[in-house]
Amino acid sequence: MISSDNNLLLKAKENGLVYRKMPETYLIKEELSEEKKEIKALKQELEQYKNRQPKPAIRFSNSESRIFYFIVPFCNHPQHN
C-alpha cells in the first residue's frame, strides 16, 4: 500500500500489510477554498490600486531629495550688536 495518510499507513502496519509513504512530489496540491481565493483576488486588486496612487517627489538642482538649512540666530536689537 502506498499512501500519504498516516492513519491509513498505521492501520496497514497493524494488519501486516506492506506499506510505503507516498513521496511529496506525487501529492496533489490542495486547492484554495472559495474564501481564500476571494481574499487572494482582493489583495491583488488592492495592490493594483496602491500602485496607481501618485508618488510625488521633489528633486532639487543638486539631484538630492532633501535640502538642508542652517539657521543662524539673528537679532537687530542695538543691545545685542
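Let me have the 222 nm mean residue ellipticity of the chain computed from DSSP H runs of 4+ only, each contributing -39500 (n - 2.57), with the sum over all residues rounded to the nearest 500. Value at 222 nm, helices only: -11000 deg cm²/dmol. Relative to the longest principal axis of the Cα atoms of the chain, the long axis of helix 34-52 makes an angle of roughly 20 degrees. The computed percent of Cα pairs over 16 Å apart for the structure shown corresponds, within (i) 79; (ii) 50; (iii) 40, to (i). With the highest mean first, a sort of the peptides 24-33, 8-17, 42-51 on other beta-carbon atoms found within 10 angstrom per residue produces 8-17, 42-51, 24-33. In the chain, taking the dipole from charged Cβ atoms about the Cα centre, the farthest positive-side position among GLN44, ASN6, ILE58 is held by ILE58. Computed from label points 7 Å out along Cα-Cβ, the spacing between LEU46 and LYS13 is 4.4 nm.
Taken together, the values in this text are just the output of simple stated rules run on the coordinates, not laboratory data. What you see is a predicted model; the values in this text were computed from it and never measured. All Cβ positions, even for glycine, are placed from backbone atoms using ideal geometry, and neighbour counts span all protein chains on display.
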